[in-house]
Number of protein chains: 2
Amino acid sequence: MSNQLTVKMTLDAWNAQVNNTNKLLNELTDEQLQNEVAPNRNRGVYLLGHLAAVNDKMLPLLGLGEQSFAHLNETFLSKPDKSVAEIPTASELRKCWNESSASLTKHFNALSTDDFFAKHTSVSAEDFAKEPHRNRLNVIISRTNHLAYHLGQLSFLKK
Amino acid sequence: MSNQLTVKMTLDAWNAQVNNTNKLLNELTDEQLQNEVAPNRNRGVYLLGHLAAVNDKMLPLLGLGEQSFAHLNETFLSKPDKSVAEIPTASELRKCWNESSASLTKHFNALSTDDFFAKHTSVSAEDFAKEPHRNRLNVIISRTNHLAYHLGQLSFLKK
């Protein structure tokens with residue numbers, strides 16, 4: 001019962017950040033996303049691609065499937081902004097963000113409470129036995145904070 | 001057992017954000033904190049005062065005690081930045097942030113696992129019976145995301 005509660009609290013927090021991000025993205029034009037969020041900082045499109053790639057990478061990390069947008073990894077995870085000459089359009093990145101969020105939601109809805117307390121794929125069974133907090137739920141908690149961190153930055157694109 | 005795990009995961013996430021904030025604050029001078037984090041946005045000192053006030057308000061919200069820095073509420077919670085002529089110095093605000101964080105840590109360490117699943121003070125016993133997720137832990141989860149959001153913005157003060 002209280003595990004169920006914990007899963008609800010964690011997913012509520014995740015969904016709140018995703019919804020806030022969607023709300024902001026709906027208010028921003030593709031042109032605004034081309035701007036840097038602050039002088040000499042990442043562009044909106046870079047952060048959007050970064051968040052989509054991080055979402056997408058959660059699938060294998062949580063043992064829920066393969067990445068759908070692995071072509072984003074190099075540009076948005078391995079390299080800093082403005083180091084790759086040609087990057088996907090804002091419109092394409094919005095699609096990657098939306099689809100990766102929807103895919104996570106679909107998978108989360110299909111998991112049982114116990115599934116959330118099971119290990120993620122980057123911890124060995126041996127280490128997990130000693131450190132049972134290294135579970136799927138913990139990945140979601142940390143990605144929620146990661147999303148909030150960049151959402152605070154993306155909010156500066158609003159007029 | 002798994003409730004204990006949940007408390008650990010939630011406090012680990014909180015502490016990680018607090019530690020990241022402390023690390024950033026240690027790298028910033030009082031002069032840098034006087035700058036806006038982005039053009040026409042909040043100043044560093046305002047965000048610092050805001051985070052200290054939000055920390056401090058968690059004490060009564062969690063039923064752990066009275067506020068210590070209620071004099072911050074008006075300037076940093078009710079009003080936007082640059083609407084109050086004289087605000088506390090960066091040095092004083094650093095002290096409020098440090099003391100409020102330390103106070104929360106002290107209180108969290110004294111709580112039992114069940115205490116974290118008990119209701120916070122802004123929900124009635126009647127509503128809590130129907131919505132048991134409105135507990136102390138949920139407040140900490142939401143404040144962790146709030147901190148991450150503003151930390152992403154404060155990070156722009158670094159050179």
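Of note:
- The lone exception for residue B:146 - which of (1) under 26 Å from residue B:49 (Cα atoms); (2) in a helix (DSSP H, G or I); (3) more than 8 Å from chain A (Cβ to nearest Cβ) it fails: (3)
- For residue B:67: the one exception among (1) polar (S, T, N, Q); (2) away from chain A (no Cβ under 14 Å); (3) surrounded by 15 or more Cβ atoms within 10 Å (Cβ to Cβ); (4) assigned to a helix (DSSP H, G or I): (4)
- Screening region B:1-34 for residues that are more than 7 Å from every other protein chain (Cβ to nearest Cβ) and closer than 20 Å to residue B:118 by Cβ and picking the one that is modelled with the lowest pLDDT gives B:1.
- Residues satisfying the stated conditions in region A:119-143, i.e. at the interface with chain B (Cβ under 7 Å from one of its Cβ atoms) and either touching a residue at least 24 places away in the same chain (Cβ under 8 Å) or not in a helix (DSSP H, G or I) (or both): A:132, A:133, A:137, A:141
- From the list A:119, A:130, A:79, A:106, the lone residue that is surrounded by fewer than 21 Cβ atoms within 10 Å (Cβ to Cβ), in contact with a strand residue (DSSP E or B) (Cβ under 7 Å, 6 or more places away or on another chain) and modelled with pLDDT of 95 or more is A:119.
- Residue list for region B:35-76, filter: of a type in the set (Lys, Arg) and either within 13 Å of the chain's Cα centre (by Cα) or farther than 23 Å from residue A:152 by Cβ (or both): B:57
The values are calculated or read from the model by the stated rules, or taken from the named source; none is laboratory data. Bear in mind that the values here come from a model prediction, so they are computed numbers and not experimental data. FYI the Cβ positions are ideal-geometry reconstructions off the backbone, even for glycines, and counts take in every protein chain you see.
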